[in-house]
Amino acid sequence: ETSRIAQPIGSALDRFIKNNQNQFQYASGELSQILRDIALASKVVNREVNKAGLIDIMGAVGSTNMAGDQQQKLDVLANIRFTRALAKGGEVAALISEESETYVDLNNDGKYVIAIDPLDGSSNIDVNVSIGTIFSVYRRKSPAGLPIQEEDILQKGSEQVAAGYILYGSSTMLVYTTGYGVNGFTYEPSLGEYFLSHPDMQMPDNGKIYSINEGLSNSFDTSVKEYLNDCKEKAFTARYIGSLVADFHRNLLKGGIYIYPPTAKDPKGKLRLMYECNALAFVAEQAGGKASDGRGGRILDIQPTGLHQRTPFFVGSKHMVEHAERFA
Ligand code: AHG
Ligand code: MN
Ligand code: MN
Ligand code: MN
């Protein structure tokens, strides 16, 4: 039996990872190295995010990605930083990214596949509002050494061996799980280190916050409209940042529900299964919360058929997600 956490508050991330390696499904330092590489890249991105207004990295590049999003300079920059950091280590065979049309081959000898939203909340970059990074780590199915196969890439969320996010907020945090609970680390910029600040995070079973882009409500299903009325009858608090990571993180700490339902513009919802929903669904479940498609389907059980596929996303406090589903 492994304990959920083997480190007190204030532990540096590196030490925490090392002391909890026995929790990893595959006894090796490889997953530890991947987590360290992600942390390192996030520090570089954090530095760039922090001075975004001073150097010329705000605004759009002029190109669009697979999802049809206008790529911002920071989207592209963050993608380069994380790709580079993960390519160097050699543990990663392939990378799935919001900003790359197909997966990127890194090292055939690597045993892991990563899915990443390098910069989440692009529309908030230029206005100095919290943004994030979301990542999922999978073990490849085919033997290392061979070229990567489709079965390695299109894995269900339930196969994740680690997942988490970085929130570039009023302080920068790294929150992740390896399947033994969720731990949150706060970045101390003057020391250049993450320290354990939120051990064994638990999402309240209930809450009073609902987060949804209600400006789109004309095209919501009746079930979602009725659920929103229910929230209003209960005088719940509406909070929507428009950066999934930040909205999710707030609800994780305070209790709440985040919904991105089907809309006229995005009939399957806007959010992407492989590099947005799965990681947060894994974190939510590990913290005692719930993530579904709003109709009783568990996000982590969806078999992906494409890298950029979308899904309706209902995530947050367990009882709130269950209650919202009753309207469907
Ligand atoms: P990204 O910036 O990675 O493309 O993600 C944008 C997502 C997510 O961060 C956010 O919650 C959502 O888009 C907001 O969408 P709306 O503006 O339609 O509400
Ligand atoms: Mn985007
Ligand atoms: Mn995103
Ligand atoms: Mn993004």
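Just so it is clear, none of the values below were taken in a lab; they were calculated from the coordinates. Just so it is clear, the structure is predicted and the values come from calculations on it, not from any experiment. Note that each Cβ is placed from the backbone with ideal geometry, even for glycine, and that neighbours are counted across all protein chains shown.
Tabulated data for the structure shown
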quantity: Karplus 3J(HN,Hα) series, Hz, for segment 252-266 with 6.51 cos²θ - 1.76 cosθ + 1.60 (x for Gly, Pro); calculated: 4, 6, 9, x, x, 10, 10, 10, 10, x, x, 9, 4, 6, 10
quantity: Fraction of alpha-carbon pairs over 18 Å apart in segment 41-95 - percent; calculated: 41
quantity: For segment 172-296, the Rg and Dmax computed from alpha carbons only, in angstrom; calculated: 15.7, 51
quantity: Under-5 Å amide H pairs with residue 139, H placed in peptide plane, nonlocal only; calculated: 113, 161
quantity: Equivalent-ellipsoid semi-axes of segment 104-149, from the Cα gyration tensor, Å, largest first; calculated: 32, 9, 6
quantity: Interchain or long-range residues, amide H under 5 Å from residue 188's placed H; calculated: 193, 194, 195
quantity: Listed peptides 318-326, 228-236 by packing density, highest first (mean Cβ within 10 Å); calculated: 318-326, 228-236
quantity: DSSP beta bridge pairing in the chain, given as percent antiparallel to the nearest 5; calculated: 80
quantity: Likely footprinting exposure, 101, 226, fewest C-beta neighbours within 10 Å first; calculated: 101, 226
quantity: 12 Å beta-carbon shell around residue 272, net charge (K/R +1, D/E -1); calculated: -4
quantity: Convex hull volume per residue for segment 97-250, taking Cα atoms only, in Å³; calculated: 176
quantity: Share of Cα-Cα pairs in segment 39-188 lying beyond 27 Å, as whole percent; calculated: 23
quantity: Formal net charge of residues neighbouring residue 262 (Cβ-Cβ distance under 13 Å; K, R +1; D, E -1); calculated: +3
quantity: The chain: angle of helix 73-89 to the longest principal axis, Cα-based, in degrees nearest 10; calculated: 40
quantity: Mean separation of Cα contacts under 8 Å (6+ apart) over length of segment 1-123, as relative contact order %; calculated: 19
quantity: At q = 0.13, 0.14, 0.15 Å⁻¹, base-10 log of I(q)/I(0) for the chain (Debye sum, equal scatterers on each alpha carbon); calculated: -0.94, -1.10, -1.27
quantity: Residue order, fewest to most beta carbons within 10 Å, for 61, 127; calculated: 127, 61
quantity: Filter on 51/232; 43/265; 232/290; 225/265; 88/270; 43/318 - keep pairs with C-alpha separation over 28 Å; calculated: 51/232; 43/265; 88/270; 43/318
